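Shown next, in structure tokens, is the structure this report addresses.
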There are 2 protein chains.
Amino acid sequence: MSADRIETLRISEIFGPTIQGEGVLIGEPTVFVRTGGCDYRCSWCDSLHAVDSQYRHTWQKMTPAEIWDEVQHLSGNRPLTVSLSGGNPAIQNLGPVISMGQAAGYRFACETQGSIPAPWFGMLDTLVLSPKPPSSGERVVWERFDDCVKAAGPHTQVVMKIVIFDEEDFAFARAAAASYPELPLYLQPGNPEVDPALPVDLDQAAKRLEWLVDLTIAAKWFRPRVLPQLHVMIWGNKRGV
Amino acid sequence: MSADRIETLRISEIFGPTIQGEGVLIGEPTVFVRTGGCDYRCSWCDSLHAVDSQYRHTWQKMTPAEIWDEVQHLSGNRPLTVSLSGGNPAIQNLGPVISMGQAAGYRFACETQGSIPAPWFGMLDTLVLSPKPPSSGERVVWERFDDCVKAAGPHTQVVMKIVIFDEEDFAFARAAAASYPELPLYLQPGNPEVDPALPVDLDQAAKRLEWLVDLTIAAKWFRPRVLPQLHVMIWGNKRGV
């Protein structure tokens, strides 16, 4: 690549401000930058439009400056938290976007499965690593996950978030947690209702949360926080909120 | 009081482990110690059974050792977070309970309106101060609130949580937040459905959260986290969960 060619990124969508619906930053006003492309194909993926290359024609090629302009426009130039998600955002170079944003006082979080360590992880305020449990059909390569933890900087808060669909996933979470005793841990029930065209059954969503709370408490396992996906409870699977 | 008389506390209920449903510790496995008695009478109080003296006959007189025994029993002697709530727990001397628990590795949080500074606030891990907005019918005495903030210790995380029923409450929250720029801030929609005999309408609860998210985002106010009451979404107003 010549020095004067500006690198573009594949972006599935940029939206917000809304609140972060899950995990350590739950409830936090956030603009989301969702990149296109993923090295995983989780069986229950709720963001296939940002994962599968059949949707590639919907992804825009944007320069870091164009991405940053859009975030500033959406947030009315008032600093907030920007969440880099996907797909797997670690595939692409988000460093220049983070640099522009941090210069303006914005904070950055990233959500990734922990399969690819990106050098810009060290620039983040918050790195959420979500190793995928057996129900996903994917298999975690823990050496790569370790590399992701190590890529965090001295000021990066690293946390682990695990989605739980069944008791096998729960056993996976217990083992994963034991291997990383230093990481704050967040569990959330899996959402099998991922069709954006269908409404989410709130009673079922509440029952899934109750199931996971009961499982965790019955195990007398008091380390994880157990949280729902608030965006699903408010907006179902509608995109852009 | 003679030196050999053991002080008892008025306790409305001790229950758990369950998850903390709201605020900074949302999702955290917790045993709740709910004290009896309150200096406030909020119009929409969801815990009148621990507030109004007409329920006084349901409160037990317990020594700190009896309270601590019950927490240990419920948690199977495994350390977790204990939330001291009420009523207003600041009325009574919870210091001995906290001492016993901390010696065993438990963490302590307290939820109070911030009307009475207790000397034991300095022993807490987390102090949640909830100044009551206009819809409560109560009026905040900010000098007392200041005293509560000052009573926190060097290792106590102090946060502010404000319940919002209407736009007047929202304006109150904005002003209160501006006076305490150093305190992490949590907003939650008010719950008008407080009859434990009636089921909670989940759609309405989700709509109240959406309303508060919209209000906060429309104001481009990106400081507070906006969170629901998870326990209401899972268990309605049932007691003991």
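The values are calculated or read from the model by the stated rules, or taken from the named source; none is laboratory data. Nothing here was measured: the structure is a model prediction, and the numbers come from that model. Glycine also receives a Cβ, built like all others from the backbone with ideal geometry; neighbour counts cover every protein chain displayed. Only protein heavy atoms, including side chains, enter the accessible area calculation; ligands, DNA and RNA are left aside. Shrake-Rupley method; radii C 1.70, N 1.55, O 1.52, S 1.80 Å.
Miscellaneous remarks
- When the accessible areas of B alone and A alone are added and the area of the pair subtracted, with a 1.4 Å probe, the result is around 3000 Å², both sides summed.
- When the other protein chains are added to the chain by itself, burial of at least 20 square angstrom of heavy-atom accessible area (probe 1.4 Å, ligands and nucleic acids ignored) affects these residues of region A:226-241: A:Val226, A:Leu227, A:Leu230, A:Met233, A:Ile234, A:Trp235.
- Of the solvent-accessible surface of region A:3-235, computed with a 1.4 Å probe over protein heavy atoms with every protein chain present, carbon and sulfur atoms account for 51 percent.
- Once the Cβ-Cβ distance of B:Glu7 and A:Ser43 is raised to the sixth power relative to R0 = 60 Å, the FRET efficiency obtained is 0.55.
- For the protein assembly as shown, the per residue solvent-accessible surface stands at 42 Å², with DNA, RNA and ligands left out and a 1.4 Å probe.
- Taking every alpha-carbon pair under 8 Å whose residues sit at least 6 apart, region B:3-235 reaches a relative contact order of 18 percent.
- Most to least accessible of A:His73, A:His231 (protein chains only, probe 1.4 Å): A:His73, A:His231
- For region A:189-206, Karplus couplings with θ = phi - 60° (6.51, -1.76, 1.60), whole Hz, Gly/Pro x: x, x, 10, x, 9, 10, 7, x, 7, 10, x, 7, 7, 4, 4, 5, 4, 5
- Copy-to-copy label separations for A:Trp211, where each label sits 7 Å from Cα toward Cβ, in nm and ascending: 3.2
- Anisotropy class of region A:61-203 from Cα gyration tensor, a/c 1.5 cut: oblate
- Interface burial in region A:62-79 reaches 20 Å² or more for A:Arg78, comparing the full protein assembly with the chain by itself; accessible area from heavy atoms with a 1.4 Å probe.
- Taking each of B:Lys207/B:Lys238; B:Lys61/B:Lys207; B:Lys61/B:Lys132; A:Lys61/B:Lys207 in turn, the alpha-carbon distance tops 32 angstrom for B:Lys61/B:Lys207; A:Lys61/B:Lys207.
- At an R0 of 35 angstrom, the distance between the Cβ atoms of B:Ala197 and B:Ala175 translates into a FRET efficiency of 0.45.
- Choice from A:Trp221, A:Trp211, A:Trp44 showing the highest fluctuation, given a GNM over chain A with Cα pairs closer than 10 Å: A:Trp221
- Accessible area of B:Lys150 (1.4 Å probe, protein heavy atoms only, ligands and nucleic acids ignored): about 150 Å².
- In Å², nearest 10: area of A:Tyr186 left accessible to a 1.4 Å probe: 20
- For A:Arg78, the accessible area of its heavy atoms, probed at 1.4 Å with every protein chain present, is near 110 square angstrom.
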